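Undergrad: Okay, here's the structure, questions in a sec.
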Amino acid sequence: QKTILEQALAGQKLRDIQVAGYSQNTVEREIAPKLWKLLSEVTEKKVGVKTVRLVLEELHKGRSSNGTIDRVRATSMVEGIPLGTSLSKEVSPDECNTEILQQLELPGGQLNLASIFYVERPPVEVRAYEEIVKPGSLIRIKAPK
């Protein structure tokens, strides 16, 4: 489900989503529909491969009607934890660090250098930056073996 969600957020169509160990037919007819149903229950909006990013962005920006965020409930449903457990509690926006919530990014596309998910790789990047500023420099980038 995680792989399907990641690929759907990246903009792939359902027929193009690949999951290791499962046939395309199994993904399209069994796994993905269960994921969309689960996300629809959590978000209380109809979710599909085309609408998942939009629904999650709206959910991220908005609050529920009573002004609380039921983050623990949503997380426990997605992870398969029964909702009757003590983890299921409402968290008010005052209890959350709103700065952190505003800085959260949805995956997809290139990362901004200022992104909290960007991983610096010293000394390789430092050497590359030093070479880039030299006139007439050439950098060869090789993929790992």
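Values quoted throughout were computed directly from the atomic coordinates according to the rules given, and no laboratory measurement underlies them. Treat the numbers as computed from the prediction; the structure is a model and nothing was measured. Reconstructed Cβ throughout: ideal geometry from the backbone, glycine too, with neighbour counts over all protein chains shown.
Undergrad: Can you give the extra length, in nm with one decimal, that the chain gains between Lys50 and Ile31 once fully stretched, where that is 0.36 nm per residue apart less the Cα-Cα distance?
TA: Values: separation 19, 0.36 × 19 = 6.84 nm, distance 1.59 nm.
So the extension gain works out to 5.2 nm.
Undergrad: Can you compute the modelled spin-label distance between Lys61 and Arg127, with each label point 7 Å from Cα toward Cβ, in nm?
TA: 4.5 nm
Undergrad: Still on this structure: If we count every other residue with Cβ under 15 angstrom of Val19's Cβ, Lys/Arg +1 and Asp/Glu -1, where does the sum land?
TA: Numbers: positive: Lys2, Lys13, Arg15, Arg29, Lys34; negative: Glu6, Asp16, Glu28, Glu30.
That sum, taken over residues with Cβ under 15 Å, equals +1.
Undergrad: Report, ordered by chain and residue number, the lysines lying within cross-link reach of Lys37, taken as a straight Cα distance under 21 Å and ignoring same-chain residues fewer than 8 apart.
TA: Within reach: Lys2, Lys13, Lys45, Lys46, Lys50.
Undergrad: So how do Val49, Val133 line up by other beta-carbon neighbours within 10 Å, fewest first? Show your work: numbers first, answer last.
TA: Details: Val49 22, Val133 7.
Least to most surrounded, the residues fall as Val133, Val49.
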